[in-house]
Amino acid sequence: MSSADLIRAAGVVGAGGAGFPAHVKAASRAEIVVANGAECEPLMHKDAELMAHHADRVVAGLLAAMESCGAREGIIGVKAKHAAAVAKLTQATAGTPARVHILGDFYPTGDEFVLVYETTGRLIPPGGIPLQVGVVVQNVETLFNISGALHGEPVIRKFVTVAGAVARPHTAVVPVGITVGELIELAGGPTAAEVSVLVGGAMMGFVTRDLGERVTKTTGGLIVLPAEHPLIRRKERPEPAMHRIGKSACDQCTHCTELCPRFLLGYDVQPHKVMRSLVFSLQGQDFWSQYGLLCCECSLCTLYACPEELYPREACLQSKRRGREKGLSWPGKGTASGTDQVTPHPLQSSRRVPLPQLVRRLGLSQYDVPAPLLDREWLPPRVELPLKQHIGVPAEPVVHVGERVAAGDLVAEIPDGKLGARIHASISGVVTATEPRLVLEAREHETR
């Protein structure tokens, strides 16, 4: 079997959050493979811990991805502050066509457009993908899983950071399908009477108070916060209220645009103009909405740049959603100059937002502590496996209720001719449901 076939068989997807099936990228042709170890979300540590403890396996996955794509060069983007990871990766890449590239500690370093520019100097075309400039980007955990796939290991576990208002912040390797509540229990429990959880990160994650929420192949981490924390209150505000406030209060100061990472790279993303769409309808609404179509959804405009604490990112999301519903496409001018020639802003490097400064602005400084990797195996009594943990269509169950499976067994397959990813049992046990999620109940002696 080819590397791409082995990666497909193992159900590897983008572990950084996007969930794109990795076998598709592995089957492409590229000059450079960039490993994304930027990990720019505040309080997140899982990639740094993974690189520090498993550098050899990350590099093995990178070299395999390079060979599969026919790439001549591999670059691992990692921040200087992760000294242990830098040292291990430098040692692991010695004598190979891969190298370590030191990144600055700013947000959002991990955005594909920013990362490709920082590591290669290449600018992805407006609305395009890295492959158009000869680059494939893979998260470092994805590469870890690719290395395993080459030895027949399916993706059944996830590296996850648990941070915030918990007794023992940590990073753990846990079976896919366990609950948020179980992860918090593993961290010694919450330190606040009532908490909410940011799943995926402070900037791009979503809020839940449901401790039964399940960990998937793309879950990067949890931030547990007191339920009344200002960041939670901001994110829990209903979308209509966000737009109503923006409609009445935006004074077009342009701060959101001036600090937008895509705008600073030269793309025509102008959130302050998208805010104008909130007061228009029909033709005017569509006109102003176009300035949000290339938004990377990083939340910097909403949670950092706006002096009035408005919601330009959410206005951009509405514009992108409206564009999909109406079948609108980018009108042809990809940059602020009205052409498709992307040229970074003269102040691009000086307007980067330092991560410590962002942490302070979010009110998270007291929680900005290490989250070391736990040396402990966690086997829950029950897991629920969503059939769609990836970009594409849901996987289709290939097991039946009452069937016994072992950890690593295939339980859901990619539909013929569709984009998707396989799903494997993350624990040994009995199948108790296949729809809408595949549920496995472990035998009593198999949990601990």
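Using the beta-carbon distance between residue 27 and residue 287 and R0 = 41 Å, what value does 1/(1 + (r/R0)^6) give for FRET efficiency, to the nearest 0.05? Before the final figure, lay out each step's value.
Numbers: r = 40 Å, r/R0 = 0.96.
The calculated FRET efficiency here is 0.55.
Might you list the cysteines of the chain that have no disulfide-compatible partner by the rule of another cysteine's Cβ under 4.7 Å?
Unpaired cysteines in the chain: 40, 69, 250, 253, 260, 296, 298, 306.
Residue 170's amide H: which non-local residues (gap 5+, or another chain) put their own amide H closer than 5 Å, with H modeled 1.01 Å from N in plane and none for Pro or chain starts?
Here 162 satisfy the definition.
Have a look at 347, 419, 50 and tell me which one the Gaussian network model of the chain (Cα, springs below 10 Å) gives the largest fluctuation.
347
Looking at the chain as a GNM with Cα springs under 10 Å, which of 237, 99, 422 has the largest mean-square fluctuation?
Checking each option, the largest mean-square fluctuation is seen for 237.
So who's got an amide H within less than 5 Å of the one on residue 412, skipping anything under 5 residues away but keeping other chains? H placed 1.01 Å off N, in plane.
Here 398, 423 satisfy the definition.
With both bridge residues required to lie in the chain, what share of the DSSP beta bridges run antiparallel, to the nearest 5%? Please list the in-between numbers first.
Working: 34 of 56 bridges.
Antiparallel: roughly 60 percent of the beta bridges in the chain.
Could you give the length gained on full extension between residue 105 and residue 368, defined as 0.36 nm per residue of separation minus the Cα-Cα distance, in nm?
Numbers: separation 263, 0.36 × 263 = 94.68 nm, distance 1.42 nm.
Residue separation times 0.36 nm, minus the Cα-Cα distance, leaves 93.3 nm.
What is the helix-to-structure angle for 140-149, meaning the angle in degrees between its Cα long axis and the longest Cα principal axis of the chain, kept from 0 to 90 and rounded to the nearest 10?
Roughly 30 degrees, rounded to the nearest 10.
Among [x] -0.35, -0.90, -1.08; [y] -0.32, -0.79, -0.94; [z] -0.41, -0.97, -1.12, which one is log10 I(q)/I(0) by the Debye sum over Cα atoms at q = 0.07, 0.11, 0.12 Å⁻¹ computed from these coordinates?
Of the labelled values, this structure produces [x].
Placing +1 on the Cβ of each Lys and Arg and -1 on the Cβ of each Asp and Glu in the chain, which of 169, 121, 394 has its Cα farthest towards the positive end of the resulting dipole?
The residue sitting farthest along the positive end of the dipole is 121.
What ³J(HN,Hα) values, in whole Hz, does the Karplus curve 6.51 cos²θ - 1.76 cosθ + 1.60 give for the range 41-58 when θ = phi - 60°, with x put for Gly and Pro?
5, x, 6, 8, 9, 5, 5, 4, 5, 4, 5, 5, 9, 9, 4, 4, 6, 4
How far, in degrees from 0 to 90, does helix 312-326 lean away from the longest principal axis of the Cα atoms of the chain, to the nearest 10?
80
Given a cut-off of under 8 Å on Cα pairs at least six residues apart, what relative contact order in percent is computed for the range 3-149?
Numbers: 284 pairs, mean separation 50.8, N = 147.
Over the range 3-149, the number comes to 35 percent.
If you take the beta carbon distance between residue 191 and residue 393 as r and set R0 to 41 Å, what does 1/(1 + (r/R0)^6) give as a FRET efficiency, to the nearest 0.05? If you can, show how the numbers build up before the last one.
Working: r = 41 Å, r/R0 = 1.00.
Working from the Cβ atoms, E equals 0.50.
Calculate, in nm to one decimal, what residue 67 and residue 404 gain on full extension: separation in residues at 0.36 nm each, minus their alpha carbon distance.
On the way: separation 337, 0.36 × 337 = 121.32 nm, distance 3.76 nm.
Between residue 67 and residue 404, full extension yields 117.6 nm more.
Between residue 236 and residue 350, 0.36 nm times their residue separation minus their Cα-Cα distance comes to what? Please report the intermediate quantities before stating the final value.
Details: separation 114, 0.36 × 114 = 41.04 nm, distance 3.23 nm.
Going from the current span to full extension adds 37.8 nm.
Between 295, 40, 253, where does the largest GNM mean-square fluctuation fall for the chain, given springs only between Cα atoms within less than 10 Å?
253
Need one word for the range 1-98: rounded, prolate or oblate. Basis is the Cα gyration tensor (sqrt eigenvalues a ≥ b ≥ c); a/c below 1.5 gives rounded, then a/b vs b/c decides. It would help to have the intermediate numbers written out before the result.
Values: a/c = 2.00, a/b = 1.37, b/c = 1.46.
Oblate is the answer for the range 1-98, as a/c is 1.5 or above yet b/c matches or exceeds a/b.
Using a 7 Å offset from Cα along Cα-Cβ at residue 418, what residues in the range 369-392 end up with backbone N under 15 Å from the label point?
386-392
Please arrange 20, 280 by counting, for each residue, the other beta carbons lying within 10 Å of its beta carbon, fewest first. Kindly include the intermediate steps, with their values, before the conclusion.
Values: 20 21, 280 14.
By the 10 Å Cβ count, ascending: 280, 20.
Calculate the length of the line joining the C-alpha centroid of the range 1-50 to that of the range 209-254, in whole Å.
Cα centroid to Cα centroid, the span is 27 Å.
Read-outs: derived from the displayed coordinates by stated rules, not from any lab. Since the model is a prediction, treat every value here as computed from it, not as a measurement. Cβ: placed from backbone, ideal geometry, glycine included. Neighbour counts: every protein chain shown.
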